[in-house]
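Notes for the one structure printed next.
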Amino acid sequence: MAGKRERKAFAERNLLIILVVMWVFLAIATKGNFSSWANITNLIRQSSINGVVAIGMTLIIITGGIDLSVGSIVGLSGMIYAIMTSTRGDFKLSSFWGIIIALAVGALVGLINAVAIHDGKVPAFIATLGMMTLVRGIVMYVSSGRMVTGVPTEYRQFAVDEFLGIPALAWTWIILALVMIFVLKYTKFGRNLYAIGSNEEAARLSGINIRFNMYAFYIVAALFSGVAGLMLGTRMAAGVPTGGQGYELDAIASVVIGGASLSGGVGTILGTALGALIIQTIRNGGNLLGVDPFIMQIIIGAIIILAVFFDQFIKSRKKGEGLKKLFKRA
């Protein structure tokens with residue numbers, strides 16, 4: 001157990017070093033444009049929405065699953081809030097009730113995913129791929145494919161608010177990340193998450209309620225996507241039918257780059273946060289350097305492949321070492 005903690009800390013230190021090197025390089029290459037406070041706050045603001053989605057994705061990937069519906073949930077929650085609270089619509093509810101309803105709808109999607117995966121035995125990839133398409137269709141239908149404007153002023157203002165010079169959106173990400181770091185490290189929820197991801201059958205035999213916990217993991221992940229949808233809505237000052245498209249890929253990339261294993265049982269919130277910052281740094285730095293955005297997509301895709309390859313290489317190496325020890329004992 002101590003060895004595993006040391007490996008996690010080592011991976012996080014490496015990611016931090018990579019991020020710092022990238023920032024120093026870009027500060028020099030862009031002649032200080034990258035390191036300006038305005039750009040740094042903008043980078044953090046841009047990272048925060050994907051960062052919140054990636055927190056939820058971290059939970060799912062630690063279980064050995066995947067959730068491709070998170071981007072659609074982002075769009076759904078933002079659209080539901082806008083429809084419920086818009087001064088131009090039929091409901092005209094307060095922000096409080098708009099937020100509650102938006103998050104409840106997102107949580108319901110997470111529950112349906114969990115039921116399909118755990119009880120229906122549908123592979124997570126297929127179940128959430130179908131849900132991604134279904135939910136996006138709902139968003140398009142309820143919005144008629146148009147933006148929904150007229151959201152409350154305080155909602156729009158949240159995107160530009162700052163506290164101690166740091167955007168409110170970034171504070172939302174920081175607070176949620178700190179809460180989940182505590183939860184995964186010190187609570188039964190976190191212990192069950194890693195136990196199920198490491199060996200579901202062993203977790204079941206040890207008395208862990210797999211159904212209850214899987215429901216909880218997917219619902220919590222969906223809630224994080226719901227929060228991210230509300231955060232995106234404040235930036236757009238409206239409900240956007242295409243909101244959240246592609247966010248599932250950025251979230252998976254953040255988690256994988258952050259050191260999580262797609263086989264389950266491994267992953268940290270801090271590593272994911274650093275992964276999200278690295279991805280956004282590549283995009284931000286590429287824009288400042290005038291790199292073609294399609295080239296940036298190629299680079300990010302290559303990084304994801306390399307991260308997964310490295311994870312599989314380490315696993316096969318450990319498996320080989322384990323077999324050697326077994327043969328020595330024999």
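The values are calculated or read from the model by the stated rules, or taken from the named source; none is laboratory data. None of these values were measured; they are calculated from a predicted model. Because the Cβ atoms are built from the backbone with ideal geometry, glycine has one as well, and the counts that use them run over all protein chains shown. Heavy atoms of the whole protein, side chains included, go into the accessibility calculation; ligands, DNA and RNA do not. Shrake-Rupley method; radii C 1.70, N 1.55, O 1.52, S 1.80 Å.
Using the Cβ-Cβ distance between residue 306 and residue 92 with R0 set to 56 Å, the FRET efficiency from 1/(1 + (r/R0)^6) comes to roughly 0.65.
Grab the other residues whose beta carbon is less than 15 angstrom from that of residue 81, score K and R as +1, D and E as -1, and report the net.
+2
Simple rule: put +1 on each Lys or Arg Cβ and -1 on each Asp or Glu Cβ in the chain, find the dipole, and look at 196, 75, 168; the Cα lying farthest toward the positive end is 196. I need the trypsin sites (Lys or Arg not before Pro) found in region 137-239, filtered to DSSP loop residues with at most 16 other beta carbons within 10 Å of theirs. Sites meeting the loop and neighbour criteria: 146.
Counted as membrane-span-like here are DSSP H helices of the chain whose alpha-carbon atoms extend 18 Å or more along the helix's own axis and whose Kyte-Doolittle mean is 0.5 or above; these are 2-29, 37-62, 70-85, 95-114, 124-143, 168-186, 210-236, 269-289, 293-329. Modelled this way, with points 7 Å down the Cα-to-C-beta line, the labels at residue 294 and residue 189 are 4.4 nm from one another. Going 7 Å from the Cα of residue 174 along its beta-carbon direction, which residues of region 259-289 have the amide nitrogen within less than 20 Å of the resulting point? Label zone hits: 269-281.
Extending 7 Å from Cα along the Cβ direction at residue 153 and again at residue 122 yields two label points whose distance is 4.5 nm.
In the context of the full set of protein chains, residues of the chain present 50 Å² of accessible surface per residue (probe radius 1.4 Å, heavy atoms only). What is the log10 of I(q)/I(0) for the chain, computed with the Debye formula using one identical point scatterer on each Cα and no solvent, at q = 0.08, 0.11, 0.12 Å⁻¹? The Debye formula, applied to the Cα set alone, gives -0.39, -0.73, -0.86.
Here region 125-189 and region 239-263 have alpha carbon centers that stand 13 Å from each other.
Net charge of the neighbourhood of residue 296, taken over other residues with C-beta under 14 Å away and scored Lys/Arg +1, Asp/Glu -1, is -1.
Just add up the charged neighbours of residue 56: K/R +1, D/E -1, any other residue whose Cβ is under 14 Å from the Cβ of residue 56. Surrounding charge for residue 56 is -3.
For region 27-106, applying the loop criterion from DSSP together with a ceiling of 11 other beta carbons within 10 Å to the trypsin sites (Lys or Arg not before Pro) yields 31, 88. Between residue 104 and residue 162, the FRET efficiency from the beta-carbon distance, with R0 = 35 Å, is close to 0.75. Given +1 at the Cβ of Lys and Arg, -1 at the Cβ of Asp and Glu and no other charges, the dipole of region 2-320 around its Cα centre is 620 debye to the nearest 20.
If you take the Cα centroid of region 39-74 and the Cα centroid of region 103-122, the two points sit 18 Å apart.
Just the protein heavy atoms count here, and of the accessible area of the chain at 1.4 Å, carbon and sulfur take up 69 percent. Where only DSSP H runs of four or more residues are counted, the chain gives -25500 deg cm²/dmol as its mean residue ellipticity at 222 nm, each run worth -39500 (n - 2.57).
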